[in-house]
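Scroll down for the structure; my scribbles are underneath it.
The values are calculated or read from the model by the stated rules, or taken from the named source; none is laboratory data. Because the structure is a prediction, the values reported are computed rather than measured. When we count neighbours, we look across all protein chains shown, and the Cβ atoms used for this are built from the backbone with ideal geometry, even at glycine. Remember, those area values only see protein heavy atoms, side chains included, never the ligands or the DNA or RNA. Shrake-Rupley method; radii C 1.70, N 1.55, O 1.52, S 1.80 Å.
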Amino acid sequence: MRFSVLSSGSKANCTYLEAAGVRLLIDCGLSGLQTERRLSSLGIDPATLDAILVTHEHSDHLHGVHTLSRKYRLPVYANKATAQFLKPLFNTINFQSGEPFSIKEVRVAPFSITHDASDPVGFTFLAEGFKFVQVTDLGKVTPLVRDAATNCNAIVLESNHDPVMLSECGYPWELKQRIASTHGHLSNHEAGSLLAEVMHPELSHVVLAHLSENSNTPDLAERTVRGLIDDLAVSSVKYLTCACIAQATPLFEVGEESVCEMAATG
Ligand SMILES: [Zn+2]
Ligand SMILES: [Zn+2]
C-alpha cells in the first residue's frame, strides 16, 4: 500500500492511494494539469488511475474531478447528496454513507463526519492487510470517526488550526465561528487527542492535513500533535509530517521501513 497527499490546505485537497493494484484519488481540488504533474513527479502515470472518490462538494475538493474523470474515463464515487454538485462526468457511482463497498480488492468504508456540506464523509480503505484512513473537514471527533481511525496503519488527518492563532487572525468573526464550530474544522489539539486515543504499535504513518495558512503553521501542528503522542508507550509512528498546498508529500509505503525514493516536486 502506497500513498501521497498531492495537495492539502484550504485551497486544494487531493490524495493518491495505491493498494492491491488499484490506483485511486481521494478528492481532486487541484487542476487537472497540476494533478497530472504531481502524479508524474512521483512516477505515477495518470492514465493508470482507476477511480476518484469524493468526500464532499466544497470546491477545494472538486476542482479537477471533472477534467480527470472525462480525460481518463475514470468513474467517480460519491454519495447522492454530493453527486448532485458534480459536473457531468465519465461515470458516477453512488455509494451510501455508512455502507462499505469494494473497488476490486480494496474494501472502502465511507463514514459520516460533521461538516457544513450536504453529506460529507471520511474513508477507510482495507487492502493487503493494511488499513488507511483519510479524514479531513470535520468539526469534531465523533464515535464514528474514532471507530474509523481505530487500528489504522496510516492516516491522513485534519489538523486545521491553532485556536489561539485562529482567534487572533484577521478572519471575520463569522468565519472564525464557522471554523471552530462542530461543523467546521479540527484543531491541532483535537487531531493529536484522537491520535493518542487510537495509537497502537502498528500505526506507522501520520500525515497532518488541511492546515490553515492563516491560523496554523506546519511546525506548530507537528509540535502540538507530537506533544500528545510521543510519550505513549504504544506509539510506533515512523513518519509524522504535514501535507501542504505547494507540493506533494513523498510517496509513503505502508508496511515498509522507508518512503519511496522518488522526489516530490511540482
Ligand atoms: Zn469542506
Ligand atoms: Zn476542505
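Kindly indicate whether GLU99 is surrounded by fewer than 16 Cβ atoms within 10 Å (Cβ to Cβ), free of Cβ contacts under 8 Å to residues at least 24 places away in the same chain, more than 17 Å from the chain's Cα centre (by Cα) and away from ligand 2 (no atom under 16 Å from the Cβ). Break it down into steps so the answer makes sense when it comes.
On the way: surrounded by fewer than 16 Cβ atoms within 10 Å (Cβ to Cβ): yes; free of Cβ contacts under 8 Å to residues at least 24 places away in the same chain: yes; more than 17 Å from the chain's Cα centre (by Cα): yes; away from ligand 2 (no atom under 16 Å from the Cβ): yes.
When the stated conditions are applied, GLU99 passes them.
Quick check: is even one residue across segment 52-63 away from ligand 1 (no atom under 14 Å from the Cβ), at pLDDT 95 or above and closer than 24 Å to GLY9 by Cα? Spell out the reasoning first.
Going through segment 52-63, the residues away from ligand 1 (no atom under 14 Å from the Cβ) turn out to be 52-53.
Filter once more, keeping what is at pLDDT 95 or above: 52-53.
Restricting the remaining residues to those that are closer than 24 Å to GLY9 by Cα gives 52-53.
Yes, some residue in segment 52-63 is away from ligand 1 (no atom under 14 Å from the Cβ), at pLDDT 95 or above and closer than 24 Å to GLY9 by Cα.
Just give me the residues in segment 103-117 being open to solvent by 60 Å² or more (accessible area, probe 1.4 Å) and either away from ligand 2 (no atom under 16 Å from the Cβ) or in contact with a Ser or Thr (Cβ under 7 Å, 6 or more places away or on another chain) (or both), in sequence order.
The answer is LYS104, GLU105, ARG107.
For segment 1-120, list the helices (runs of 4 or more DSSP H) that sit wholly inside it and hold at least 3 residues that are farther than 30 Å from SER187 by Cα; which are they?
On the way: elements: 32-41, 65-71, 80-83.
Those helices (runs of 4 or more DSSP H) span 32-41, 65-71.
Collect the residues in segment 191-224 that are among the aliphatic types (A, V, I, L, M) and more than 16 Å from ARG146 (Cβ to Cβ), keeping them in residue-number order. Walk me through it before giving the result.
Of the residues in segment 191-224, the ones among the aliphatic types (A, V, I, L, M) are 191, 194-196, 198-199, 203, 206-209, 211, 220-221.
VAL207, LEU208, ALA209, LEU211, LEU220, ALA221, listed by residue number.
Quick check on segment 29-45. Is at least one of its residues over 13 Å from the mean Cα position of the chain (by Cα), farther than 20 Å from ALA246 by Cβ and polar (S, T, N, Q)? It would help to see each step written out before you state the result.
From segment 29-45, those over 13 Å from the mean Cα position of the chain (by Cα) are 30-45; that's our starting set.
Then drop every residue that is not farther than 20 Å from ALA246 by Cβ, which leaves 45.
Then keep just the ones that are polar (S, T, N, Q); that gives none.
The answer is no, given that none of the residues of segment 29-45 is over 13 Å from the mean Cα position of the chain (by Cα), farther than 20 Å from ALA246 by Cβ and polar (S, T, N, Q).
Just to be sure I understand the filter: pairs with C-beta atoms under 7 Å, separated by 6 or more residues or on different chains, first member in segment 117-141 and within 17 Å of GLY192 (Cβ to Cβ), second member away from ligand 1 (no atom under 12 Å from the Cβ) and open to solvent by 20 Å² or more (accessible area, probe 1.4 Å). Which pairs pass?
GLY139/SER181; GLY139/THR182; LYS140/THR182; VAL141/GLU190
Which residue, of ALA19, ALA12, is closer than 29 Å to LEU203 by Cα, open to solvent by less than 20 Å² (accessible area, probe 1.4 Å) and touching a strand residue (DSSP E or B) at 6+ places or on another chain (Cβ under 7 Å)? It would help to see each step written out before you state the result.
Details: ALA12 fails: touching a strand residue (DSSP E or B) at 6+ places or on another chain (Cβ under 7 Å).
Of the residues listed, the single one that is closer than 29 Å to LEU203 by Cα, open to solvent by less than 20 Å² (accessible area, probe 1.4 Å) and touching a strand residue (DSSP E or B) at 6+ places or on another chain (Cβ under 7 Å) is ALA19.
Given the criterion out of contact with any Phe, Trp or Tyr (no Cβ under 7 Å at 6 or more places or on another chain) and away from ligand 1 (no atom under 16 Å from the Cβ), identify the matching residue among THR114, THR35, THR82. Even if it seems obvious, please write down each step before you answer.
On the way: THR114 fails: away from ligand 1 (no atom under 16 Å from the Cβ); THR82 fails: away from ligand 1 (no atom under 16 Å from the Cβ).
Step by step, each of THR114, THR35, THR82 is checked, and only THR35 is out of contact with any Phe, Trp or Tyr (no Cβ under 7 Å at 6 or more places or on another chain) and away from ligand 1 (no atom under 16 Å from the Cβ).
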